[in-house]
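What follows is a single structure, written as structure tokens, with notes after it.
The values are calculated or read from the model by the stated rules, or taken from the named source; none is laboratory data. Treat the numbers as computed from the prediction; the structure is a model and nothing was measured. Don't worry about glycine lacking a Cβ; one is built from the backbone with ideal geometry, like all the others, and counts go over all protein chains shown.
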Amino acid sequence: MDAPARLAARVDDIEPFHVMEVQTAARALEAAGRDVVHMEIGEPDFPTPQPVLDAAQRAIAGGHLHYTSALGLPELREAIARHYAEHYRVEVAPERVIVTAGSSAALLLVMALSVDRDDEVLLADPGYPCNRHFVRVLEGRPVGIPVGPETRYQLTADLVDRNWRDPTRGVLIASPSNPTGTTVPHDEMREIAAVVARRGGTLIVDEIYLGLTYGEAPGSVLEFAHDAFVVSSFSKYFNMTGWRLGWIVAPERHVRNLEKLAQNLYISPAAPSQRAALACFEPATAEIVEQRRSAFEARRDFLVPALRDLGFGVPIMPSGGFFVYADCSRFSDDSERFCRQVLEGAAVAFTPGIDFGVHRARQHVRLAYTIDERRLAEGVSRLRGLLR
Ligand SMILES: Cc1ncc(COP(=O)(O)O)c(C=O)c1O
């Protein structure tokens with residue numbers, strides 16, 4: 001018999017998405033004839049905007065399907081740079097924009113650029129789970145810092161400073177965050193940037209949900225932190241998850257090294273996706289995605305008070321993305337079991353906190369408002385039936 005292949009130690013440290021188990025169980029219920037309200041899914045329910053689909057079809061018909069530069073199509077880099085000027089009042093040179101295979105590849109490239117073996121990267125706990133895995137894959141050490149409502153579930157300058165140690169190389173912040181939907185206030189971000197600069201570290205800000213900000217003007221860290229790495233994506237605001245397209249805005253002196261890494265890791269982002277994404281910056285697309293942003297905001301305004309009324313704790317109103325991170329300790333001290341019970345008892349699917357870290361993870365669940373208001377209302381009414 002063959003000896004079992006020896007796997008790299010890192011594989012054991014990478015956890016699967018628990019939400020996938022929720023989804024599998026939900027699909028099994030559906031196969032058995034139940035109608036499930038899906039609030040576990042972290043992608044927009046809206047289809048890709050029609051102008052983007054049209055542009056993709058033109059690109060395919062025209063045969064524009066070869067590798068592009070590893071940095072992306074020049075015209076797309078220019079369009080992204082213009083987007084910063086028009087939306088966020090920030091001048092970004094197109095040469096600083098690197099188009100990537102989703103913000104996932106963007107995060108991996110920035111980590112590959114800055115993390116060596118045993119280097120530490122500070123992250124909020126709860127936070128987006130892949131981040132700690134990217135650090136681990138590169139033999140670095142992710143350091144989760146427990147955060148709660150007192151800091152809007154986000155890192156602060158003080159937390160960054162107090163947790164900084166000799167091996168710390170940088171900080172990664174998502175604002176708005178997945179799973180909490182909360183943002184780092186602009187003044188706080190400015191102070192975080194100052195602490196990281198004083199410490200000689202790297203500040204990485206994931207702004208993938210910045211376009212989906214509600215009730216306040218969205219602001220990019222690029223307004224004041226010229227040395228920060230900003231990671232973003234076409235996935236969420238532009239409803240293009242499956243097209244696998246994102247970008248980095250990097251300090252100019254690092255672009256060449258990021259290009260080298262991208263060339264070697266995946267050669268270039270997908271050509272048809274890039275040509276399609278050019279249409280994201282046309283007025284017709286802008287109108288569509290802005291309407292959808294308003295729809296997300298209306299769903300949030302319905303869901304958060306309804307959850308509070310049911311007895312979930314949502315101490316901070318989420319101001320972006322499409323997630324509510326709710327304290328479920330009134331109902332259970334094991335969010336994984338609670339999610340199973342709710343799925344079986346009410347056919348409503350959402351995600352246990354353990355997908356996002358360890359800090360009070362068993363007392364929290366994440367609900368995604370990536371379904372329309374009618375289905376949200378149905379979900380809330382089923383929860384009311386089960387929990388009261
Ligand atoms: C905070 C955050 N960052 C990055 C990503 C990765 O997205 P993509 O690779 O589709 O751009 C996600 C996806 O859910 C996310 O929630």
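Put simply, of ASP355, ASP333, ASP309 the only residue that is farther than 25 Å from PRO47 by Cα, among the acidic types (Asp, Glu) and within 16 Å of the ligand (Cβ to nearest atom) is ASP355.
Yes/no per residue for (1) assigned to a loop (DSSP other than H, G, I, E, B); (2) within 28 Å of the chain's Cα centre (by Cα); (3) crowded, with 16+ Cβ neighbours inside 10 Å:
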position: ARG6; (1), (2), (3): yes, no, no
position: PRO16; (1), (2), (3): yes, yes, no
position: MET20; (1), (2), (3): no, yes, no
position: GLU30; (1), (2), (3): no, yes, no
position: GLY33; (1), (2), (3): yes, no, no
position: ILE41; (1), (2), (3): yes, yes, yes
position: PRO44; (1), (2), (3): yes, yes, yes
position: ALA55; (1), (2), (3): no, yes, yes
position: ILE60; (1), (2), (3): no, no, no
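Would segment 99-112 turn up any residue that is more than 16 Å from the ligand (Cβ to nearest atom), in contact (Cβ under 8 Å) with a residue 60 or more places away in the chain and not hydroxyl-bearing (Ser, Thr, Tyr)? So far as segment 99-112 goes, no, none of its residues is more than 16 Å from the ligand (Cβ to nearest atom), in contact (Cβ under 8 Å) with a residue 60 or more places away in the chain and not hydroxyl-bearing (Ser, Thr, Tyr).
When you look at ALA217, is it crowded, with 16+ Cβ neighbours inside 10 Å and small (Gly, Ala, Ser), yes or no? Answer is no for this residue. Being in contact (Cβ under 8 Å) with a residue 40 or more places away in the chain, more than 19 Å from the chain's Cα centre (by Cα) and crowded, with 21+ Cβ neighbours inside 10 Å: is that true of ALA193 here? When the stated conditions are applied, ALA193 does not pass them.
Listed by position, the helices (runs of 4 or more DSSP H) inside segment 90-168 whose residues that are under 18 Å from the mean Cα position of the chain (by Cα) and of a type in the set (Gly, Ala, Ser) number at least 3 are 102-114.
Taken as a whole, the condition of being of a type outside the set (D, E, K, R), within 18 Å of the chain's Cα centre (by Cα) and surrounded by fewer than 23 Cβ atoms within 10 Å (Cβ to Cβ) applies to ILE354.
Please indicate, with yes or no, whether at least one residue in segment 220-235 is more than 30 Å from LEU303 (Cα to Cα), free of Cβ contacts under 8 Å to residues at least 40 places away in the same chain and not hydrophobic (A, V, I, L, M, F, W, C). Within segment 220-235, one or more residues are more than 30 Å from LEU303 (Cα to Cα), free of Cβ contacts under 8 Å to residues at least 40 places away in the same chain and not hydrophobic (A, V, I, L, M, F, W, C). Checking each residue of segment 237-253 against the condition of being outside any loop (DSSP other than H, G, I, E, B), near the ligand (Cβ under 10 Å from one of its atoms) and either modelled with pLDDT under 95 or in contact with an Asp or Glu (Cβ under 9 Å, 6 or more places away or on another chain) (or both) gives at least one match.
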